[in-house]
Each structure stands twice: as C-alpha cells, then as structure tokens.
Amino acid sequence: MKLPRRTFLHLAAGAAALPTLLRVASAETYPSRPVHWIVSFAAGGPNDIVARIVGQYLSDHLGQQFVIENRTGAGGIVGMQSALSSAPDGYTIAFVGPNYAINPALYEKLPFDFIRDSVPVAGIMRLANVMEVNPALPANNVAEFIAYAKANPGKINFGSGGVGTSPHLSGELLKTMAGINVVHVPYRGTAPALADLLAGQVQVVFDNIPGSIGHIKTGKVRALGVTAPKRVAAIPEVPTIGETVPGYEVSIWYGIAAPRGTPPEIVGKLNQAVNAVLADPKLQARLAELGGELMPMTPAEFGKLAAEETEKWGKVIRAANIKAQ
C-alpha cells in the first residue's frame with residue numbers, strides 16, 4: 001500500500017520522536033525496581049559506609065531500594081569495570097572517588113576510560129584522609145613518626161585500601177616530602193588494612209576519615225594528622241600533616257557515575273534526588289560526624305571536577321614515577 005506523502009511524513013516524524021518520548025516516560029517512572037550501587041572497595045570501608053548511609057536516604061526519597069554491592073580488586077578497577085559494562089538504564093550506578101582520577105596515570109592499560117565511558121551524575125561530599133598508627137608505635141605526632149621512620153628505614157609498614165587509592169598516594173606524598181622509607185602494603189579496601197593495623201601487622205594506615213573515625217574516638221588507633229589544608233571539625237584535636245610538613249595536602253571527594261549512554265532524563269532525576277537528600281539536616285549531621293563536607297553538584301560540575309582531578313594527579317604520578325605494582 002502506498003501512503004500519501006503527508007501521512008508518510010507524519011508517521012516518520014512520530015517515529016523519530018518515539019525514542020525521546022520513551023526516555024521521558026521511562027524517567028517519569030524511574031526507579032520502578034531496585035537500583036544497584038556498586039562500591040569498588042570492601043564492606044566496612046569509608047566508601048562503603050558513605051554509600052550505605054546515602055543509599056538509605058535515596059531509598060526513602062525515591063521509594064525503591066538502593067542495593068550496595070561491594071566488588072573489590074585492583075584499586076577499584078574491578079568494580080568500576082563491572083558498573084560501566086552494565087546496561088545504561090539507571091539501575092546500575094557506581095560510587096566514585098579520586099582513585100578513578102589517579103588510575104589513568106598509574107596503569108599503562110585499563111579496561112575502560114572512566115571519563116569516556118561514564119556519565120557524571122552527582123557529587124556527594126569532600127573529606128580528608130587521616131594518618132593513624134597502632135598505639136604501640138612510639139610516635140605521638142607526625143614529627144615523632146618522621147624521626148622514628150628515619151631511625152628505622154624500611155622497617156615500618158604502611159597499609160592502604162589499594163595501589164593508586166588516595167590513601168596510598170597520601171602515604172607516598174609524605175614519604176617524598178619527609179624523606180622517609182616506609183613500605184607500602186596494599187589491601188583490597190581499607191577495612192582489612194585497619195584490621196591488620198589493630199592487630200599490629202602494619203604500623204601505620206592512611207584512610208578516608210569515615211572509615212576510621214570510630215576507632216580514633218575509642219582510642220583503638222592513634223591519629224597523627226589529617227591530609228586536609230585545615231583541621232577537621234569532627235576530630236579538631238588532630239592537627240594537619242601540613243602543620244609539620246609545610247605544603248602537604250591531599251583532599252578527597254566522593255560522587256556517583258553511571259554507564260555511558262544512560263538517558264539524561266534519568267541522570268537528571270538521580271541528580272535531583274541526591275541533591276535533595278543532601279539538603280536533609282539529618283543526613284548533613286550524619287556526614288559531618290564522619291568528617292565530611294557536603295558537595296551538591298550538577299552532573300556537569302561533577303564531570304568537570306573529575307576531569308580536573310585526573311589532570312592534577314596525572315602530573316603528580318608522572319613526576320614521582322609511581323607505577324602500579
């Protein structure tokens with residue numbers, strides 16, 4: 001059957017508009033089932049703690065459960081590869097930290113390009129790392145630790161959540177700036193690193209503050225310094241490392257990304273939901289207890305931050321000639 005030209009053009013226009021209409025309709029009903037939020041580090045670590053807290057607020061706000069999935073390995077590469085290879089429908093999202101800005105310069109070959117293969121969704125918070133030691137170590141502050149390390153070169157082990165993570169580079173930066181020789185021991189997340197710190201298997205750990213603040217406040221570990229440029233309100237008695245080593249600073253940020261191709265309408269709805277829960281005074285108070293500073297952002301602003309951090313850490317890693325082990 002031959003269609004009249006006008007009818008054909010109307011049908012063609014309708015067909016062209018259909019994908020957009022379907023995306024909009026999908027966004028209006030999103031989420032209609034649980035959302036899987038992949039965290040690339042071990043349960044009980046700082047990434048996991050923050051994701052579970054924020055995830056509960058998102059579940060309440062959107063009426064669907066946000067299921068936290070811990071997929072560990074290779075400094076966060078395993079989990080992010082899994083997230084970015086998922087269907088771009090908004091039902092799999094990824095927890096993002098600075099390691100994804102660090103890894104491109106650290107590894108010669110990655111199974112994904114984070115900037116190219118992801119869609120920025122939202123910022124969550126900024127925070128600092130903390131340098132902490134087993135109480136048996138004879139060092140009560142950063143200056144004493146540096147002196148002890150210089151007197152015992154190569155005999156101190158420092159743990160982190162994995163090669164290329166911000167805690168790892170926090171330790172490497174201190175080694176370089178203070179001229180000390182301590183041995184890095186990478187773990188599949190900071191939770192197991194902390195377990196070995198408590199057991200005395202390693203003497204010092206660098207960790208995002210949320211993962212360690214409980215141990216610090218109960219005295220199970222001794223915090224020597226924070227990596228931020230100023231003291232952290234949650235543990236104001238702990239000085240900055242920069243007070244002892246001028247110019248030392250490492251800042252941490254958390255956010256959310258989705259696989260490339262995720263519809264912008266769904267990205268927008270997720271961004272609005274995240275920013276809405278970040279405005280909740282109860283969540284603000286909870287994250288402040290963990291030493292965090294809220295970081296609500298548009299997707300474009302979070303994407304800009306990730307790109308700038310990738311460039312920054314690339315320069316640091318190349319200058320220091322740091323390689324993945």
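The values are calculated or read from the model by the stated rules, or taken from the named source; none is laboratory data. It should be emphasised that the depicted structure is a prediction, and the values quoted were computed from it without experimental measurement. Virtual Cβ from ideal backbone geometry, glycine too; neighbours counted across all protein chains shown.
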Do we have Gly75 as at pLDDT below 95, farther than 17 Å from Val267 by Cα and not acidic (Asp, Glu) here? yes
Residue that is farthest from Arg116 (Cα to Cα), among those in the range 44-88 that are among the acidic types (Asp, Glu) and part of a helix (DSSP H, G or I): Asp60
Of the residues that make up the range 211-226, is at least one under 23 Å from Val78 (Cα atoms) and at pLDDT below 95? yes
Listed residues Ala300, Ala223, Ala258, Ala285; which is among the hydrophobic types (A, V, I, L, M, F, W, C), in contact (Cβ under 8 Å) with a residue 60 or more places away in the chain and assigned to a helix (DSSP H, G or I)? Ala300
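Residues checked against (1) assigned to a helix (DSSP H, G or I); (2) under 17 Å from the mean Cα position of the chain (by Cα); (3) surrounded by fewer than 20 Cβ atoms within 10 Å (Cβ to Cβ); (4) without any contact (Cβ under 8 Å) to a residue 40 or more places away in the chain:
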residue	(1), (2), (3), (4)
Val185	no, no, yes, yes
Ala195	yes, no, yes, yes
Val202	no, no, no, no
Pro210	yes, yes, no, no
Ala234	no, no, no, no
Tyr254	no, yes, no, no
Filtering the range 28-55 down to residues that are surrounded by fewer than 21 Cβ atoms within 10 Å (Cβ to Cβ) and charged (D, E, K, R), which residue is nearest to Gln272 (Cα to Cα)? Glu28
Candidate set: the range 133-157, residues that are in contact with a Gly (Cβ under 9 Å, 6 or more places away or on another chain) and of a type outside the set (A, V, I, L, M, F, W, C); chosen: the one surrounded by the most Cβ atoms within 10 Å (Cβ to Cβ): Asn134
